[in-house]
Amino acid sequence: MDYGLLSLLPPLIAIVLAIATRRVVGPLMIAILCGSVILNFGTGSIFETAWASIYGFVAAIFTSIFERDHLRALLFSLLLGAMVGVLEAGGGMVALINRFSTRVRSRRGAQSLIAGVGLGIFFDDYANTLLVGGTMRTTADRFGVSRAKLAYLVDTTSAPVAGLSPISTWVVTEISYVAEGLAAAAIIDMSAFAILMASLPFRFYPILALVMVFAIAISDRDFGPMRHQKPEPMPEDENGANAANRMSPPARNRLGWAAIIPIAACVAAVVTSLAVSGWGKAPAGNEGLLRRIGGLITNGDSYGALIHGGATGLALAILMHRGLGNIPWRTLGRGALAGAMHMIPAMMILWLAWALSAQTGEKQLNTGGFIASWLGESVPTILLPTAVFLISAGVAFSTGTSWGTMAILTPISMQLAITITDGQPYDSISLATLGSVLAGAIFGDHCSPISDTTVLSSRASGCDHIVHVRTQIPYAVTVGVISILLGTIPVAMGFSPYLCLLVGMIATIAMVRFVGRKPDAVLVSDQS
């Protein structure tokens, strides 16, 4: 059945209500109920239609939760969240960061260390924000780095790193959204994980945002309101009063290994599991070694591999904190439970997004198919990635959630792009469109004053929230404009994404070099 314009109603309701209420869960539930009403309208009397709609609403959510791959996604998220909780409660991550901070000798070194540690904590944006912001304030104060600058460095190395990393609390969510988009486009024989990895060079904003961070840190230059921010030393609070800081220096140094080894083992277990599960599935031939390894990983069981990695990391984190730091079992258990429970709100969004995606898929409302037929001829193909990037950024800015934005827009955008490209998920337009959804969500999140990571970054860094937003927006907007002019537009015209990234990196560095100036605090210090 062709639902026409009605097929747009559920996702539109989700977007409009999310913007109006600045919430995601409620709008998604209302959108799913609306989709159920549309699908069941005319099945009988008003009472029968109402009952069928309510039943369809419950069934959609129930099916979303208990689908096999969705349950495995939940398990991995809980395992990785628990590992993060152990690293926080046991003090291993704090000990590691503190060990690095003792080697800093200058402002540039301090900023580079903050950015580097943010890059290293790739497995979760919340853990990145809270750990780096909470443990680097003393280092920032010691070397005259303003709290606003610390908050920027923390915020801009949280979501971009977690979003780009193949091993993070984001990846299973992104895989799920991509899988829903493929299913909506009636493509069932391709790996969502492989397509997600193929979209990496098309995610211009998060990559160039990281380039901007290191360009600013290494050059010690700023522009916009950030130049006028002064260091404001503040006393350490309870963030520093943890198990690691109560230990002797030798014991604290040993405890740092309790953070390094579990994370490294988690990554190794995921890669190994992917290779083992993909053995025999990759096409035979005379490909080179790297291509053969890539084929093994691409054809592997990504959900199973993530579970193996999460379980390995969690087990080692508990055992090493107990063995190296003699951290009480109760402390580690509470940390694991708190970390796992931290993932539940995100999983609620994911469950509802899965249900809405199923409703808007080809077998039900076929929203993407309708949009493709409606806009396919009127909107130039070369503008699709840019349009998706701007829409995604707008929704994320208005709602304050990149995950909610990706949940709503990824399946529809993918279905639209795949339909326009005649069923080619690996076409540059399809990959650029997917990359634009994920990148635009992070861009809007960075600019939004109601974003969770923006709020956490300012809080963890001891910076006034409005000051953080006001000083970060010029950097985010600059990278966003470069991402469009030198990224989404030229790549849609047929240019290589790697060439676009190279030119974009040069432009980003040049912007910092020729527009940026030494901060006021540094100029005053130099004159004195």
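Approximating the spin labels as points 7 Å out from Cα along Cα→Cβ, the Ala510-to-Ile450 distance works out to 3.9 nm.
How high is the relative contact order of the stretch 4-527? Use alpha-carbon pairs under 8 Å, at least six apart in sequence, and give a whole percent. Don't skip to the end; give the middle numbers.
On the way: 923 pairs, mean separation 130.5, N = 524.
Answer for the stretch 4-527 is 25 percent.
Give the angle, between 0 and 90 degrees and rounded to the nearest 10, that separates the Cα long axis of helix 25-40 from the longest principal axis of the Cα atoms of the chain. Tilt relative to the chain: about 10 degrees. Of all stretches in the chain that contain no trypsin sites (Lys or Arg not before Pro) in a DSSP loop with at most 11 other Cβ atoms within 10 Å, the longest one is 106-362.
When only Cα pairs below 8 angstrom with a gap of at least 6 residues are kept, the stretch 68-193 shows a relative contact order of 26 percent. Under 5 Å from the amide H of Val24 lies no amide H of any residue 5 or more positions distant or on a separate chain, with H modelled from the backbone and absent for Pro and chain starts. Ordering Ala268, Val479, Val178 by Cα displacement along the dipole of the chain toward the positive end leaves Ala268 in first place; charges were set at the Cβ atoms of Lys, Arg (+1) and Asp, Glu (-1). Taking the average, over residues, of other Cβ atoms within 10 Å as the packing measure, peptides 35-44, 117-126, 311-320 rank 117-126, 311-320, 35-44 from highest down. Ranked by how many other Cβ atoms sit within 10 Å of their own Cβ, fewest first, the residues Asp2, Asp422 fall in the order Asp422, Asp2. Note on Thr63/Met1: beta-carbon distance plugged into 1/(1 + (r/R0)^6) with R0 of 25 Å gives a FRET efficiency of 0.80. Couplings 3J(HN,Hα) for the stretch 197-202, derived from phi with the Karplus relation 6.51 cos²θ - 1.76 cosθ + 1.60 (θ = phi - 60°), are 5, 5, 7, 3, x, 8 Hz, where x marks Gly and Pro. What is the helix-to-structure angle for 9-21, meaning the angle in degrees between its Cα long axis and the longest Cα principal axis of the chain, kept from 0 to 90 and rounded to the nearest 10? Tilt relative to the chain: about 30 degrees.
Couplings for the stretch 177-192, taken from phi via the Karplus curve 6.51 cos²θ - 1.76 cosθ + 1.60 with θ = phi - 60°, read 5, 5, 4, 5, x, 5, 5, 5, 8, 6, 10, 10, 10, 10, 7, 5 Hz in order; Gly and Pro are left as x.
Working from Cα positions, state the angle (0 to 90°, nearest 10) between the long axis of helix 302-325 and the longest principal axis of the chain. Value to nearest ten degrees: 20.
State the label only: which of (1) 0.98; (2) 0.95; (3) 1.06 corresponds to Rg/Rh (Cα atoms, Kirkwood Rh) computed from the shown model? Working out Rg/Rh (Cα atoms, Kirkwood Rh) from the coordinates points to (1). Here each label is just a point 7 Å from Cα along the line to Cβ, and for Arg99 and Ala264 those points are 1.0 nm apart. Calculated FRET efficiency, Arg517 and Ile54, Cβ-Cβ r, R0 41 Å, to nearest 0.05? The value I calculate is 0.10.
Using the Cβ-Cβ distance between Arg23 and Ala338 with R0 set to 25 Å, the FRET efficiency works out to roughly 0.60. Counting beta carbons within 10 Å around each of Tyr205, Tyr303 and listing the fewest first gives the order Tyr303, Tyr205. For Glu180, Glu88, the sequence from fewest to most other C-beta atoms within 10 Å is Glu88, Glu180.
Each of the peptides 255-263, 267-275 was scored by the mean count of other Cβ atoms within 10 Å over its residues; in descending order, highest first, they stand as 255-263, 267-275.
Using C-alpha pairs below 8 Å separated by at least 6 residues, the relative contact order for the stretch 397-528 is 21 percent.
Helical content of the chain, expressed as a calculated mean residue ellipticity at 222 nm, amounts to -23500 deg cm²/dmol (DSSP H runs of 4 or more residues, -39,500 (n - 2.57) each, divided by residue number, nearest 500). Sorting the segments 184-191, 435-442, 212-219 by their mean number of nearby beta carbons within 10 angstrom, highest to lowest, gives 435-442, 212-219, 184-191.
Each value in this text was obtained by applying a stated rule to the coordinates, not by laboratory testing. Treat the numbers as computed from the prediction; the structure is a model and nothing was measured. FYI the Cβ positions are ideal-geometry reconstructions off the backbone, even for glycines, and counts take in every protein chain you see.
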